[in-house]
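The values are calculated or read from the model by the stated rules, or taken from the named source; none is laboratory data. Quantities reported herein were computed from a predicted structural model and do not represent experimental measurements. Glycine also receives a Cβ, built like all others from the backbone with ideal geometry; neighbour counts cover every protein chain displayed. Ligands, DNA and RNA are excluded from the accessible area calculation, which covers all protein heavy atoms including side chains. Shrake-Rupley method; radii C 1.70, N 1.55, O 1.52, S 1.80 Å.
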Amino acid sequence: MSEKLDILIFGAHADDAEIGMGGTIAKHTAQGVKVGICDLTYAEMSSNGTVETRMEEANEAASLLGLTVRTNLGLPDRGLSATRAHIERITQEIRTYQPRIVFAPYWQDRHPDHIACSELIQEAVFNAKLRKYLPDSEPVNVEHLYFYFINDVYEADIMVNVTEWYAQKLAALSAYRSQFITGQGTVATPLNQGYVERVEARDRLMGQRRMITYAEGFVSKLPYVVDRFD
């Protein structure tokens, strides 16, 4: 039986979660929280790297971030869509790991796969709690669904101070050498033209609003509940 997770993060490709919330992941795993990532595709359409190198890099990043588990559903890169088959695969993943909290990419982004991933996760989170949907598996009621930013940043509802864990985020991103570093045989893409530096600048700017060195922002479609105002 698979180990139950506290947090399950979905991304269309390996490196999506690290770009958006690598510091938050490192912060939570350091505190004993069980965190997993599920990549929907093998990113087989990437301009640089191979499926094999991307998997090696993803596993290295997972180790650096202290993940409990990292899985890949093997759905088609540039072929994600809200089909019954795709939604069922993701719903089963949620039911397998029974997370209290799920993260998905924000629903607006320059990459169509990130948008499709966001829609699929929202559908699957809803379906996961329905007892008559895929009745051979136990329903799971996810307590919170949050959204993280990848390429484009919008107004955040929540920010997490990740200053102490930012070096781990950068180390995890550095694991993706095929994507973020130019070398022999690589072609120029937005990812290897100073992308990591732009992510770092973004996270600095996010934190600046609350005098934090590095912060990562998140969005919730539901009101964020607090017990009291301090």
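Things worth noting here:
- Condition broken by residue 197, with the remaining ones in (1) farther than 23 Å from residue 31 by Cβ; (2) open to solvent by 60 Å² or more (accessible area, probe 1.4 Å); (3) in a loop (DSSP other than H, G, I, E, B) satisfied: (3)
- Residue identified as polar (S, T, N, Q), over 16 Å from the mean Cα position of the chain (by Cα) and either part of a helix (DSSP H, G or I) or surrounded by 22 or more Cβ atoms within 10 Å (Cβ to Cβ) (or both) among 122, 92: 92
- Identity of the residue in segment 95-112, touching a Ser or Thr at 6+ places or on another chain (Cβ under 7 Å) and either in a helix (DSSP H, G or I) or of a type in the set (Gly, Ala, Ser) (or both), that ends up least open to solvent (accessible area, probe 1.4 Å): 104
- Subset of segment 30-57 [touching a residue at least 60 places away in the same chain (Cβ under 8 Å), under 28 Å from residue 141 (Cβ atoms) and open to solvent by 10 Å² or more (accessible area, probe 1.4 Å)]: 30
- Figure legend. Inter-residue proximity from segment 112-134: first residues closer than 22 Å to residue 218 by Cβ, second residues basic (Lys, Arg) and assigned to a helix (DSSP H, G or I), beta-carbon distance below 7 Å, spacing 6+ or different chains. Indicated pairs: 128/95.
- Summed over segment 210-221, the residues that are closer than 24 Å to residue 118 by Cβ and open to solvent by 50 Å² or more (accessible area, probe 1.4 Å) give a count of 1.
A quick yes/no check of all residues on (1) surrounded by fewer than 11 Cβ atoms within 10 Å (Cβ to Cβ); (2) out of contact with any strand residue (DSSP E or B) (no Cβ under 7 Å at 6 or more places or on another chain); (3) more than 26 Å from residue 45 (Cα to Cα); (4) not polar (S, T, N, Q):
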{"residue": "160", "(1), (2), (3), (4)": "no, no, yes, yes"}
{"residue": "173", "(1), (2), (3), (4)": "no, yes, no, yes"}
{"residue": "182", "(1), (2), (3), (4)": "no, yes, no, no"}
{"residue": "185", "(1), (2), (3), (4)": "yes, yes, no, yes"}
{"residue": "190", "(1), (2), (3), (4)": "no, yes, no, yes"}
{"residue": "226", "(1), (2), (3), (4)": "yes, yes, yes, yes"}
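- Boolean, residue 156 is farther than 22 Å from residue 46 by Cα, in contact (Cβ under 8 Å) with a residue 24 or more places away in the chain and surrounded by 17 or more Cβ atoms within 10 Å (Cβ to Cβ): yes
- A single member of 145, 170, 191 is under 19 Å from residue 109 (Cα atoms), part of a helix (DSSP H, G or I) and not basic (Lys, Arg), and it is 191.
- Subset of segment 6-29 (residues that are assigned to a loop (DSSP other than H, G, I, E, B) and crowded, with 24+ Cβ neighbours inside 10 Å): 12, 13, 14, 15
Residue by residue, here is whether (1) modelled with pLDDT of 95 or more; (2) of a type in the set (A, V, I, L, M, F, W, C); (3) farther than 28 Å from residue 199 by Cα holds:
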{"site": "84", "(1), (2), (3)": "yes, no, yes"}
{"site": "101", "(1), (2), (3)": "yes, yes, no"}
{"site": "105", "(1), (2), (3)": "yes, no, no"}
{"site": "112", "(1), (2), (3)": "yes, no, no"}
{"site": "123", "(1), (2), (3)": "yes, no, yes"}
{"site": "127", "(1), (2), (3)": "yes, no, yes"}
{"site": "142", "(1), (2), (3)": "yes, yes, yes"}
{"site": "159", "(1), (2), (3)": "yes, yes, no"}
{"site": "162", "(1), (2), (3)": "yes, yes, no"}
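- The set of residues from segment 60-90 being hydroxyl-bearing (Ser, Thr, Tyr) and within 26 Å of residue 23 (Cα to Cα) comprises 63, 68, 71.
- Filtered residues of segment 72-88 (kept if in contact with a helix residue (DSSP H, G or I) (Cβ under 7 Å, 6 or more places away or on another chain) and either under 17 Å from residue 8 (Cα atoms) or assigned to a helix (DSSP H, G or I) (or both)): 73, 86, 87
- Yes/no for residue 65 being within 16 Å of the chain's Cα centre (by Cα) and crowded, with 24+ Cβ neighbours inside 10 Å: yes
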